[in-house]
Every structure is written in structure tokens, then in C-alpha cells.
Amino acid sequence: MNELEKNGSQYYKKIIVALVLGWVAIWIYRTILTPIYPQIQSSLGDVSQSQIGLIASVYFFAYTGMQIPAGALADKFGQKAVLIPAFIGFAIGAVVLGTSSTIIQVYIGSLIAGLATGSYYESAYSLSAKHVPKDKKTFANAIISSSSAVGMVIGLIGSSVLVGGLNIEWNWMLYGTALIILGVTFVFFINIKSDKKAAVIENPENAEATSADIVTDQENDVSLFSSKHITVYFTYFAVCYGYYMIVTWLPSFLVAEKGFAQSDVGYVSALVAVAGIPGALIFARLIDRRQQDRLKYILMLLIVAAIMIGLTVYSPAPWVLYIALIIYGLMGKLAIDPVLITYVSDSVPEHKTAKALGLFNFFGMASSVVAPWLTGYIGDVTGSQVLAFYIGSIILLAAAVFFFFVIYLRSGKEVSSH
């Protein structure tokens, strides 16, 4: 191995570490409020469930709206030039939310944080697509994606214990999160290179096609709105819908519908995140070794995730609920994410990677705007969120059907014709 190759190898590892910390910070912020909605409602006055649900919806609305412009910015100016200003804005949004005394100010803080973190996804995964060796891409993406589970565990359990158990004011959770965000910003500054073209030199093997299951021909002017791409976008919409519904409302659902104590719901909800880490890593390693079967694995994961969300609602006993949440964690969003990310990044030429990932995440995250509000609204209207959880399960099953007919069957025919 010559010096250039050695430096490139070390650089992609630094990228993975930096991006892991980025997701941890983002997910601490995303989940730190969900177990303590009652305290927030109490401190802000008389606000409804749907108004509280809008806290997450406002964040995800801004986050989703930034996906496409952020992808264009990352392709044009480089990832570092996008990430550092974005995370400084993220810290500001957390402080604004932490100082809130009205629901409107909470929405403003969520809006700022959403706009800032909306620039992360495309920059993160276009960096991994350019710098990580092709035989390690899915596994590297799994490491990066599963780090969100670490942040989720810290956010859920931390706020449950500190606020729900020790009666610390909820505002202090946001101030601590802002300090973490600034620390991660410093890591970006020292570990990520400014030259957006460096990847071509460091990992020239990434210029080659990486999978037999590429969505479209990379040598042509690739359309980002082909039927296969649109199906992948809808699939990610469904995956995100179920996941963000669970992340936002599962703690409250467990208290209201299943009789759990509020001090315990953070631990129970964290089962999804804890199980998600080994699930993501195991399936990513398996798919890196058996790329010819990755469409089969995607279909299987979609179907299992749909069944487990339904079983979470139906569960007649706590042990059934625990099993459903653990299996969903193992085979749900965190396992599906790295496979779909690699699939999309393989489907386009390098200069369109961030744009493609931006579109992919835009359509996926559109569900995160709808799911928190709709789940809260259904709870307000019907007095129960059971129907909302079943809707999440049905959408996932629909995605599996579309994926089967539009991508899986056509892929088999294309292979046969060749």
C-alpha cells in the first residue's frame, strides 16, 4: 500500500467517526423531548396533543424542505462548507427552544433546528459514497446510520431519568444538547477536508459500478424520477412514517394505551434503538457480501417491520410488546436505511450523488412531517392512537407491494435478458 492509499484509508475512517457523532447529536435533540411532553404541556399552559405533535412536525417540515437545496449546495461547494454553518445554526435552534416560554417560541426553535439539520443527510452520505471503499459501503453506512440509535437511547433515557425521575427542568436538556452540538461542529472542522474532489484521488475504485442491482445506467444522463427511483422514494416514505411515528408518540402511547409508568417508557422505547444497532450492522455486512440478494433482503425487512408495528398495537401482554419492539429494531428502519442509501448512491454518477440522496431523503422525511401531527390528531379525535399505528403498518405493506412489482420483478427480468 503506497502513502496516498494509506492516507485515503485513514481519511474515510475519520469521516465515519465524524458522521457518527453528527447523528448522535441530531438524535439526542430529536428524542429528548418525547418522554417529557407532559412537562412541556404543563410549563407552556393549556396546549393540546396536536399542538405538541406539531413541535416535531415543524422540525421535520423544515428538515424536509432543506433536503433538495442542501444536496445541490453540497455537490457545488463541498460537504464541509455546508456542515459547519449548519451545525452552528443547529446549536442556536436548541438554545432558542430551551429558552421558550410559549408554544410559538418552541415552534421557532424547532424550525431553526430543522433547517440546520436538513443539510446533514446529503453531505454525510455523499461523503461516505465518495470516500468509503465499495466493498465496505453498506457496512459503513450502517455504522453511520445506527449511531442515530445511540443518540436516541441517550435522548430517551436521559430525559426520562433527569426530568421524569429527578425533576430537572426540561429546558436544561436543550442547553446541554447545544453544547454537544458545538463539540461535534469542532470535530467536523478538524476531520473533514474542504476539497470536495479529494475522494476521486483517494478511492479511485469507487468510480466503478458497485452492484448488479443498479437502478439506472450510470453512463447515461440519469433521471432522478424514473419509476424505480420513485418507488424507492415511496419505500423510504413508508419506512420513515412508521419510524418517526414510533419515535414521536410511542412513549405517550405506552402510558395512555398500555398502562406503563412514565418513568419506564424511556427504557421500553429505547428497545427499538438498542436492537437497531446490531440489526443494522449484521444486515449491512451480509448484504455487502451478497449484493446480488439485496432486493430480497429489502422486501423481507419491509414486511417484517410492518408486521411488528401492528403487533406493537395488538400486543395482549407486555412480553409480546417487548418482542415486537426488539424485532422491529433489528429489522426496521435502521436495518433498511444503509441498504437503500447504498442502492441510491450506486444508481447515479458521482456528481449527482448528493442531489439523489437529497431527493431520496426529501420524500422519505415528508412522512415525518405528517406522522407526528396525524397521530396526535387521531388521538384527539378518537381518544386513542391505535388507528394511527395501524396506518403506519399498512403503508409499509403497500411499499413492499410496490417494491416487489416495480423493482424486484423488473430486476429479475433485466438479469435474465442479459
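Things worth noting here:
- Single unsatisfied condition, D46 versus (1) open to solvent by 40 Å² or more (accessible area, probe 1.4 Å); (2) in a helix (DSSP H, G or I): (2)
- For V215, the conditions (1) at pLDDT 80 or above; (2) open to solvent by less than 20 Å² (accessible area, probe 1.4 Å) are fulfilled apart from (1).
- For the criterion of being part of a helix (DSSP H, G or I), farther than 17 Å from T31 by Cα and not acidic (D, E), A94 fails.
- Test: residue in the range 53-61 that is surrounded by fewer than 21 Cβ atoms within 10 Å (Cβ to Cβ) and not assigned by the TED database to the domain that holds F253: no
- Residue among D380, D346 that is among the charged types (D, E, K, R), open to solvent by less than 10 Å² (accessible area, probe 1.4 Å) and in the same structural domain as G279 (by the TED database): D346
- Any hit, the range 359-370, residues being polar (S, T, N, Q), more than 16 Å from T235 (Cβ to Cβ) and either in the same structural domain as A324 (by the TED database) or crowded, with 20+ Cβ neighbours inside 10 Å (or both): no
- Any chance S252 is part of a helix (DSSP H, G or I), within 26 Å of T375 (Cα to Cα) and hydroxyl-bearing (S, T, Y): yes
- Failed item, numbered, when L182 is tested on (1) assigned by the TED database to the domain that holds A91; (2) surrounded by fewer than 21 Cβ atoms within 10 Å (Cβ to Cβ); (3) modelled with pLDDT under 80: (3)
- Some residue of the range 387-402 being more than 19 Å from A56 (Cβ to Cβ), open to solvent by 40 Å² or more (accessible area, probe 1.4 Å) and either of a type in the set (F, W, Y) or outside the structural domain of T248 (by the TED database) (or both): yes
The values are calculated or read from the model by the stated rules, or taken from the named source; none is laboratory data. As the structure is a computational prediction, the values presented were derived from the model and not from experiment. Cβ coordinates were reconstructed from backbone atoms using ideal geometry, including for glycine residues, and neighbour counts include every protein chain displayed. The area values use the complete protein model at the heavy-atom level, side chains included, leaving out ligands, DNA and RNA. Shrake-Rupley method; radii C 1.70, N 1.55, O 1.52, S 1.80 Å.
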